[in-house]
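Structure, as structure tokens:
The values are calculated or read from the model by the stated rules, or taken from the named source; none is laboratory data. Quick caveat, the model's predicted, so the values are computed rather than measured. With ideal geometry, Cβ positions are generated from the backbone for all residues, glycine too; neighbour counts draw on all protein chains shown.
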């Protein structure tokens, strides 16, 4: 079968299949990992301003845009007004309210809400069909087609950890020892003897540095490549300089390496200075904000990871008060989200211990509890209070107030 024929087959969905895919995407609206692997994610279109967004993020944006269209489009199915259908779809999938909450919010029966949701999902499926199937079917060539390597990069699961950038560079240099010997080039490291900690994915970062050193060593017309690491409170900068009088200003890196750099949200500058000395600069934020969740129910941690999937934020969890206190002293999180109902040591006691210890009293603590007692929480030193079940916009607002996001 020809590639074009195979593509046309892949674009054919039955009505039920399309509706099921639409519902699946809506139900995972904030789960970017799930959306990344969704069949619709391979159909989204990239704009010039979306080059740094993953397909999961683009699909999430398309879903929101399609829901907004329900407010102005003529109804494609009978049974409810477009404005009410739009309102229910947004409350259910964007604001993540339960059917019971929606019923109370807009004062209609749960049965009617289910009926409107069904019609809204069908309308949405029709919109997505027009974007992902009909438009693509008439194209003889897909201008947004990406090589398998780029799709693989987008689907990489990043695991951000706090690591010493010096060790990362040393490890990368060790990986190219044979190349250094063959080219008779030395990599000179100019780094502080103290640890330079950054939050990044060590696997991806190491491969970027291996490629960076390998390329500069191969392009160098001198006997050495110098790597300088400088760090302050805001960011860390790595400069790699080498002798290359005939650079002609060409890029040193292929698109795969640049895609990996964008994946980690690093900034890269390729520059030629003093005519014969070329310098490549990588810069990145020194620390990724960390939120410590202390709750004996691990579901809260999973929920927060889903809520904050689109943000540069690391979620660490502890399932009891003692381990939470120990972790807080060790990692110094930017904020703590603390449950009250926990065995052995409840949240109120944990909160007081936070306030009474010099290593943790500066850390903002957000109480998240089924007990609606914000006055007690604030009296004991909490910075915010959230009632369970917690909503996404409430979490984001609380973390914004603490300058975490």
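Couple of notes before you dig in:
- With respect to (1) in contact with a helix residue (DSSP H, G or I) (Cβ under 6 Å, 6 or more places away or on another chain); (2) farther than 26 Å from residue 27 by Cβ; (3) modelled with pLDDT under 90, the lone exception for residue 141 is condition (1).
- Lone qualifier among 353, 306, 392, 302 - being out of contact with any strand residue (DSSP E or B) (no Cβ under 8 Å at 6 or more places or on another chain), more than 30 Å from residue 28 (Cα to Cα) and not assigned by TED's automatic domain parsing to the domain that holds residue 35: 353
- Every residue from the range 39-52 that is surrounded by 19 or more Cβ atoms within 10 Å (Cβ to Cβ) and either within 14 Å of the chain's Cα centre (by Cα) or at pLDDT 85 or above (or both): 40, 41
- The lone criterion from (1) exposed (fewer than 14 other Cβ atoms within 10 Å of the Cβ); (2) touching a strand residue (DSSP E or B) at 6+ places or on another chain (Cβ under 7 Å) left unmet by residue 226 is number (1).
- Of all residues in the range 12-38 being surrounded by fewer than 14 Cβ atoms within 10 Å (Cβ to Cβ) and part of a loop (DSSP other than H, G, I, E, B), the one that is modelled with the highest pLDDT: 37
- Each residue in the range 182-204 was checked for being in a helix (DSSP H, G or I) and more than 22 Å from residue 278 (Cα to Cα), and 3 of them qualify.
- Annotation: of all residues in the range 55-69 being without any contact (Cβ under 8 Å) to a residue 24 or more places away in the chain and either more than 18 Å from residue 34 (Cβ to Cβ) or outside any helix (DSSP H, G or I) (or both), the one that is farthest from the chain's Cα centre (by Cα) is 68.
- Matching entry among 172, 205 (being closer than 22 Å to residue 281 by Cα and at pLDDT 90 or above): 172
- Residue match in the range 387-403 (condition: in contact with a helix residue (DSSP H, G or I) (Cβ under 9 Å, 6 or more places away or on another chain), without any contact (Cβ under 8 Å) to a residue 60 or more places away in the chain, closer than 21 Å to residue 297 by Cβ and crowded, with 18+ Cβ neighbours inside 10 Å): no
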